[in-house]
Amino acid sequence: MTRFPAVDGLRVIAALAVVVSQVGLHTQAPFAGVVSRLDVGWAIFCALSGFLLYRPHVLAWFSGTLPPLTLPYLRGRALRILPVLLVAVVLSIVLVPDPASTYLRWAVLTPLPFYLLLPGLGRLLTGYERPTRRSVRWRLLVLVGLTALGPVWMAAVMATGHPEAGLWLPGYLGWFAVGMGMALWQVARATGRLGASTLDTLTRVPATLWGIAAALLLITATPLAGPYDHSVPTPAQALLKNLIYTVVVACVLFPVLTPTARTVRVLGGRPARLAAPLSYGVVAYQFVVLGLIDGPFAVQLLVTLLASVVLAALSYRLVERPVVRFGKKTATAKTPSRATSPSSSPAR
């Protein structure tokens with residue numbers, strides 16, 4: 001499988017969740033606990049990035065071909081991310097009194113270090129030996145171990161009085177590791193390196209896993225997982241929230257790896273395919289919109305969603321897509337042709 005149509009729907013859901021949670025932070029939202037915990041959308045984005053960007057490294061390892069080239073990969077990430085980031089920051093500086101501070105914390109400090117780290121991490125986890133069942137299982141254990149880093153880091157920075165360090169990559173690496181582990185499992189399972197197991201059964205009952213994810217989110221909606229705003233949580237609260245989010249993203253993402261026909265219809269239909277490319281822009285431009293409006297939760301949510309979608313659509317058509325196309329043309333003109341292999345397929 002080279003494309004995962006249900007991922008489109010998850011990207012849209014994650015973007016909507018982030019917008020709702022951010023509007024909730026700016027207003028007196030009803031069901032404040034539940035609304036605030038929809039910031040789990042950030043964790044879903046991290047896991048999707050880990051899955052889509054690490055999978056080409058796994059495919060190359062299994063097929064015995066060269067891994068993705070670092071410079072073309074970094075150029076592709078930059079062309080995809082930086083234009084929107086630049087436009088959002090400029091708009092914030094021009095229009096919003098507090099220029100994009102929140103956006104910069106999330107957009108720069110969280111995903112970009114991972115994108116820079118991935119080529120080296122990918123080579124480290126897919127080199128040195130053949131992809132046997134034993135080596136696959138060993139690497140899965142390493143990635144499972146990485147998922148524990150986030151909760152431990154968050155508890156440690158809160159305990160030592162440095163909550164700002166919670167925005168650094170270690171606090172979110174576990175969510176990326178969830179996606180990376182699933183990429184390794186999916187390719188290993190599809191190529192027969194791993195045999196059938198109970199996990200295969202779980203992919204056929206997505207409603208069960210999504211129900212577990214919803215129940216866990218309801219637990220985090222209580223004070224056990226910390227405050228509903230940007231107040232500093234206790235170490236135990238920070239650990240619990242990060243840990244539960246890790247399990248939630250695993251439950252949410254796993255069924256789309258080998259989706260049922262119904263899952264594809266719901267999450268991979270035409271509306272999701274059209275909306276998915278706008279998800280990054282919606283998340284970016286919502287911060288600009290929220291800095292310009294005021295009012296009750298329902299009003300701000302409606303205005304923010306509509307305005308963010310319009311801005312994201314304009315940005316995608318006038319900025320993002322032309323920049324990506326120009327970058328691909330330039331890369332094609334300058335780079336010698338390379339034999340096509342599964343590892344060279346671009347991440348969506």
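Shown are LYS328, LYS241, whose ranking by accessible area with a 1.4 Å probe and every protein chain present, most to least, is LYS328, LYS241. Given +1 at the Cβ of Lys and Arg, -1 at the Cβ of Asp and Glu and no other charges, the dipole of segment 134-236 around its Cα centre is 640 debye to the nearest 20. Leaving ligands, DNA and RNA out of it, report the carbon-plus-sulfur percent of the accessible area of segment 219-280 at a 1.4 Å probe. The nonpolar share, carbon plus sulfur, comes to 71 percent. Distance between the pseudo-spin-label points of LEU141 and ARG75 (7 Å out from Cα toward the beta carbon): 4.1 nm. Accessible surface for segment 116-255, divided over its residues, is 47 Å² per residue with a 1.4 Å probe. The residue list LEU95, VAL12, LEU66 was ranked by how far each Cα lies along the charge dipole of the chain toward its positive end, using unit charges on Cβ atoms, and LEU66 comes out on top.
Mark the label point 7 Å from the Cα of ARG317 along Cα→Cβ and return the residues of segment 238-278 whose backbone N is within less than 13 Å of it. It comes to no residues whatsoever. Treating the beta-carbon of each Lys and Arg as +1 and of each Asp and Glu as -1, no other charges, what is the dipole magnitude of the chain about its Cα centre, to the nearest 20 debye? Here the chain has a charge dipole of around 1740 debye.
Peptides 273-281, 288-296 ranked from most to least packed give 273-281, 288-296, packing being the mean of other C-beta atoms within 10 angstrom over each peptide's residues. For HIS57, the accessible area of its heavy atoms, probed at 1.4 Å with every protein chain present, is near 10 square angstrom. With the whole protein complex present, PHE45 retains an accessible surface near 50 Å², based on a 1.4 Å probe. Sequence-ordered 3J(HN,Hα) estimates for segment 259-265 from the Karplus curve with 6.51, -1.76 and 1.60 and θ = phi - 60° stand at x, 6, 4, 5, 4, 5, 5 Hz, glycine and proline given as x. With the whole protein complex present, THR70 retains an accessible surface near 50 Å², based on a 1.4 Å probe.
Let me make sure I get this right: for segment 180-263, a, b and c are the square roots of the gyration tensor eigenvalues over alpha carbons, sorted descending. Under 1.5 in a/c it's rounded, otherwise prolate if a/b > b/c, else oblate. Which is it? Prolate, since a/c reaches 1.5 and a/b exceeds b/c. Read through the labelled values [x] 16.6; [y] 33.8; [z] 17.6 and report the label of the one computed as mean projected area of the Cα convex hull in nm² from the structure. Answer by label: [z].
Using 0.36 nm per residue and subtracting the Cα-Cα separation, the extra length available between LEU117 and VAL152 on full extension is 10.6 nm. Toward the positive end of the charge dipole of the chain, about the Cα centre and with charges on Cβ (Lys, Arg +1; Asp, Glu -1), which of VAL40, GLY195, ALA78 goes farthest? Sorting the options by dipole projection puts first GLY195. Between the amide H of GLY269 and any residue lying 5 or more places away or on another chain, no distance stays under 5 Å, with hydrogens modeled in the peptide plane. Only helical runs count toward this figure. For the chain, summing -39,500 (n - 2.57) over DSSP H runs of n ≥ 4 and dividing by all residues gives -22500 deg cm²/dmol at 222 nm.
The values are calculated or read from the model by the stated rules, or taken from the named source; none is laboratory data. All figures in this text were calculated on a predicted structure; none of them were measured in a lab. Backbone-built Cβ (ideal geometry, glycine too); neighbour counts: all protein chains shown. SASA here: full protein model, heavy atoms, side chains in, ligands and nucleic acids out. Shrake-Rupley method; radii C 1.70, N 1.55, O 1.52, S 1.80 Å.
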